[in-house]
């Protein structure tokens, strides 16, 4: 990886496995959060708590 990263004009590769795994896990987590938010915005039935109903009440008008 270090030799590859020394090649000019190539995208650098992260050689820290822990950092890579953490970043990929966070990307996956935020992707799932985005999916759920989209569902909550589109589907009134997905707004199961009073807080969600209150937060999205203005959107429904």
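For first residues located in the range 16-30 and over 20 Å from residue 5 (Cα atoms), partners that are modelled with pLDDT under 95 and surrounded by 10 or more Cβ atoms within 10 Å (Cβ to Cβ) and lie 6+ apart or on another chain with Cβ distances below 6 Å do not occur.
Here the range 38-51 is the region considered, the condition is being surrounded by fewer than 10 Cβ atoms within 10 Å (Cβ to Cβ) and part of a loop (DSSP other than H, G, I, E, B), and the residue that is nearest to the chain's Cα centre (by Cα) is 43.
Conditions tested, residue by residue: (1) outside any helix (DSSP H, G or I); (2) at pLDDT below 90; (3) surrounded by 10 or more Cβ atoms within 10 Å (Cβ to Cβ).
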{"residue": "3", "(1), (2), (3)": "no, no, no"}
{"residue": "15", "(1), (2), (3)": "yes, yes, yes"}
{"residue": "21", "(1), (2), (3)": "no, no, yes"}
{"residue": "36", "(1), (2), (3)": "no, no, yes"}
{"residue": "53", "(1), (2), (3)": "no, no, yes"}
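The values are calculated or read from the model by the stated rules, or taken from the named source; none is laboratory data. No experiment lies behind these values; they were computed from the predicted model shown. Don't worry about glycine lacking a Cβ; one is built from the backbone with ideal geometry, like all the others, and counts go over all protein chains shown.
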